[in-house]
Amino acid sequence: MTSTEPLRRAILLVEDNPVDLDLTRRAFARSQLTNPLEVARDGAEALDWLARWDAGQPLPLVVLLDLKLPKVDGLEVLRRYRAHALARSVPIVVLTSSSEDRDIARAYADGANSYIVKPVDFDKFLEVTAQIKLYWCLLNQPPSAHASDPA
Amino acid sequence: MIPAPIPADEAQRLQALARCALLDTAAEPLYDELTALAAALCEAPVAAITLVDRHRQWFKSRVGVPVSETPREHSACAHTMLGDGPMVCEDLLQDVRFHGNPMIGPDQHRFYAGVPLRLASGERLGALCVLDHRPRRLEPAQLERLELLGRHVSRLLDQRVAEMRQAELLRESLRRTQIQVDRVDESRRLLETAEEARLALTELLAAQQRLEEELREREQHFRTLADQGSALIWTAGLDMGCDYFNQPWLDFTGRTLAQERGSGWTQGLHDEDLERVVRVYRTAFAERRRFSTEGRLRARDGQHRWIRCDGSPRHDSQGQFLGFIGYCCDISEAKETEFRMRRFSAELERRVAARTADLAAVNRELATFTYTVSHDLKAPLRGIDGYSRLLELGHGERLDESARELVASIRLGVLQMNLLIHDLLAYCHLEQRQVRAHPLDLLGLVRCLLEARRLEGLGSRAEIRLEVDGREADERTPPVWVVADADGLQMVLRNLIDNALKFSELSMPPRVCVRLGLDPGQSGCVILSVHDNGIGFDMKYHDRIFEIFQRLERAEAYPGTGVGLAIVRKAMQRMGGRVWAQSTPGEGAVFHLELPR
């Protein structure tokens with residue numbers, strides 16, 4: 001693995017709301033994030049990625065997952081990812097409007113690596129995206145893109 | 001030395017000697033006078049009346065003899081006793097029978113003369129003898145008189161035997177008399193006992209008669225009691241069969257005692273109650289325990305009526321189980337009321353259940369609603385704020401001053417809306433979530449909140465003070481324990497402290513004091529008060545300020561959602577505490593919390 005590889009790996013954003021999606025794209029753009037942003041518009045699309053990874057597409061650097069999604073609920077997506085041989089090792093950050101204790105507890109119980117509440121204040125949202133980029137795309141050491149057998 | 005031979009009738013002789021009962025008795029003048037006479041007549045210094053016992057000769061009377069007895073083998077009298085006439089030894093030393101006899105010697109007895117003593121029945125008992133310390137002879141007249149004295153002594157012995165015999169007979173006779181006397185005594189005692197028994201019996205009979213009379217009276221009393229009033233009364237014996245029904249029972253069923261007796265009464269029970277009532281009755285009998293049951297009994301008019309029956313075991317005065325007694329009463333009317341009540345109550349329960357189900361559905365809807373609010377209401381807000389901000393960031397230089405103000409106003413509206421959503425969610429959560437009350441340190445909680453406010457830079461101009469029991473709290477102040485839900489209490493305190501800071505913001509300087517202490521009253525609760533020197537409020541609005549969406553001040557002066565104090569009151573209600581306030585306009589306000597310990 002080369003040190004430049006993480007910069008080219010994608011971030012998978014699972015988000016159904018077009019406004020949130022657009023704001024997130026713009027916020028990431030303002031933070032000069034170079035990683036490509038892949039988007040799943042609902043839970044079912046998020047699950048479609050499992051087959052692509054099985055087929056050899058590189059794993060994303062991090063998944064940003066909303067909880068309230070059409071078709072398949074975000075927590076269900078989380079469980080299915082964690083049950084999948086390749087996706088189980090991908091860092092998942094829950095990015096949602098909900099600050100309910102119940103949602104936080106379930107997300108961590110089902111294997112989320114982080115839980116971030118989307119702030120209404122756009123300035124704070126910009127801070128959040130900057131922090132996500134700094135931490136998950138630069139500081140954090142992700143597992144290999146193809147999750148090859150470590151042995 | 002040749003001791004005298006033992007005579008052939010020795011056993012009989014010893015028995016006769018015993019009958020005399022003279023051996024070892026005290027000296028008697030009657031014998032002593034004869035002995036003295038013998039000594040005088042024979043001019044002898046020694047004389048004795050000798051009785052020959054099994055192993056000794058014993059002197060009943062003696063003159064010149066220092067001892068009371070000597071061994072039989074040394075006895076000369078034992079020889080004399082065997083002969084029919086007198087025995088005279090003029091020199092004992094010359095007689096071979098006494099050679100070596102320690103009683104006989106030059107300085108002891110040398111002369112002996114004795115005559116046998118024998119009873120009329122023939123037994124020889126001993127001898128009357130005289131002795132001298134020198135050899136000599138007796139004159140024929142002296143010997144004759146000695147024999148005469150010997151016969152005299154023999155007769156005395158006969159007399160003695162006869163006296164003894166008579167004494168014996170007398171004793172026997174006395175004994176028999178005593179026995180008879182005893183028998184007579186016993187008879188008399190028996191007679192006395194019999195008399196006592198007769199008296200006792202008479203008394204007993206009288207008592208029994210009195211008892212029987214009393215019993216008859218009581219029976220009469222009982223029947224009067226039992227037959228008065230409306231209670232149906234029955235009794236049953238050990239065999240579970242009923243043996244008595246009072247008149248009201250018979251009047252009720254319209255049947256005769258003969259028809260109802262035994263298990264006849266069960267014929268009147270309703271078919272649907274028969275098995276159950278009989279089971280209750282049998283079980284109570286088997287366990288000898290009180291029972292109470294209800295059932296329908298056919299009345300005189302053929303209609304069944306509801307009867308309540310209370311039965312109890314009955315016992316005699318010794319505690320012996322006798323059977324049961326029961327009291328029944330007609331409860332048809334009460335039963336009818338009960339049925340109506342039950343139908344009513346069932347209907348009521350059905351309605352309550354329906355309402356509860358409706359309410360649960362509404363609650364579920366509300367939960368879904370709040371969840372939706374938290375997600376979906378915030379998304380467009382984020383959009384509005386996001387695009388407003390992007391407008392400022394990307395196109396700010398192309399906007400004039402008034403346009404920039406408009407954008408700022410949009411963002412302020414969003415902020416306000418966001419706060420309102422936040423408070424509404426908090427209020428709804430209070431309704432829904434479980435209150436988990438635990439002991440917690442109120443002082444520590446207040447300190448944390450004040451510290452958090454300080455870090456956020458809120459109320460930086462304010463003088464904030466924390467007091468416990470009237471003294472400023474420091475590191476040594478012990479914890480103040482209350483029982484409360486930590487999240488709920490935090491929400492309450494945050495709202496009160498924020499309010500105090502907000503409404504005293506323009507005071508010079510703002511002063512906020514949080515006071516903790518035990519209720520001076522008897523409640524045993526902890527009272528927490530938040531004092532401020534802010535604008536205060538008119539007490540006529542006291543109740544309104546705790547209602548949701550109620551505001552006393554314009555939003556531009558004191559921003560807020562109008563939900564904060566409603567949250568405080570709701571949370572205190574849920575935790576079993578209280579909140580109230582005191583204020584005068586312009587002079588600050590105090591908000592009090594009462595918390596259980």
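No lab work stands behind these numbers, since they all come straight from the coordinates. All figures in this text were calculated on a predicted structure; none of them were measured in a lab. Every residue, glycine among them, receives a Cβ derived from its backbone with ideal geometry; neighbour counts consider all protein chains shown.
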Chain B: angle of helix B:401-432 to the longest principal axis, Cα-based, in degrees nearest 10
20 degrees
Full extension between B:His133 and B:Arg597 adds, at 0.36 nm per residue less the Cα distance, a length in nm of 153.6 nm
Would you mind ranking B:Lys335, A:Lys124 by Cβ crowding within 10 Å, fewest neighbours first?
A:Lys124, B:Lys335
Under unit Cβ charges (Lys, Arg +1; Asp, Glu -1), what dipole magnitude, rounded to 20 debye, does the stretch A:5-139 have relative to its Cα centre?
360 debye
Centroid-to-centroid separation of the stretch B:389-426 and the stretch A:111-126 [C-alpha atoms, Å]:
19 Å
Expressed in angstrom and rounded, the centroid-to-centroid distance over alpha carbons for the stretch B:309-382 and the stretch B:427-472 is 43 Å
Run the lone-cysteine check on the protein assembly as shown: no other Cys C-beta under 4.7 Å from the residue's C-beta.
A:Cys137, B:Cys20, B:Cys42, B:Cys77, B:Cys89, B:Cys129, B:Cys242, B:Cys329, B:Cys428, B:Cys448, B:Cys513, B:Cys525
With Cα atoms, 0 to 90° folded angle of helix B:378-395 axis to chain B main axis
40 degrees
Once you put a point 7 Å from the Cα of B:Asp243 and another 7 Å from the Cα of B:Thr337, both along the Cβ direction, what distance in nm separates them?
3.9 nm
Under a point-charge model restricted to the Cβ atoms of Lys and Arg (+1) and Asp and Glu (-1), what is the dipole moment magnitude of the protein assembly as shown relative to its Cα centre, in debye to the nearest 20?
960 debye
Which cross-chain or sequence-distant (5 or more) residues have an amide H under 5 Å from the amide H of B:Gly323, H modelled 1.01 Å from N in plane?
B:Arg314
Can you figure out the FRET efficiency of B:Ile6 with B:Asp182, using R₀ = 56 Å and their beta-carbon distance, to the nearest 0.05?
0.75
Mind checking which aspartates and glutamates have their C-alpha under 17 Å from B:Lys335, skipping anything on the same chain fewer than 8 residues away?
B:Glu272, B:Asp273, B:Glu294, B:Asp310
Using each residue's phi in the stretch B:46-60, evaluate 6.51 cos²θ - 1.76 cosθ + 1.60 at θ = phi - 60° and report the 3J(HN,Hα) Karplus result to the nearest Hz, with x for Gly and Pro.
10, 8, 7, 9, 10, 10, 8, 8, 4, 10, 8, 10, 10, 8, 5
To the nearest Å, what is the center-to-center distance of the stretch B:1-66 and the stretch B:486-550, using C-alpha atoms only?
141 Å
If I take R0 = 25 Å and measure r between the Cβ atoms of B:Thr283 and B:Thr256 in this structure, what FRET efficiency does the formula 1/(1 + (r/R0)^6) give, to the nearest 0.05?
0.30
Calculate the spin-label point distance for B:Glu365 paired with B:Ser263, positioning each point 7 Å from the Cα along the beta-carbon direction, and give it in nanometres.
6.2 nm
Averaged across the residues of B:380-392, what count of C-beta atoms belonging to other chains lies within 10 Å of each residue's C-beta?
6
Once the Cβ-Cβ distance between B:Ala403 and B:Ser460 is put in as r, and R0 is 45 Å, what FRET efficiency do you end up with, to the nearest 0.05?
0.85
Helix-only [θ] at 222 nm, the protein assembly as shown, -39500 (n - 2.57) per DSSP H run of 4+, per residue, nearest 500, equals -15500 deg cm²/dmol
Rounded to the nearest 20 debye, dipole of chain B from Cβ charges on Lys, Arg, Asp, Glu
1060 debye
Once label points are set 7 Å from the Cα along Cα→Cβ at both B:Arg171 and B:Gln220, what is their separation, rounded to one decimal in nm?
7.4 nm
If each residue of separation counts as 0.36 nm, what is the full-extension length gain between A:His146 and A:Asn113 once their alpha-carbon separation is subtracted?
9.9 nm
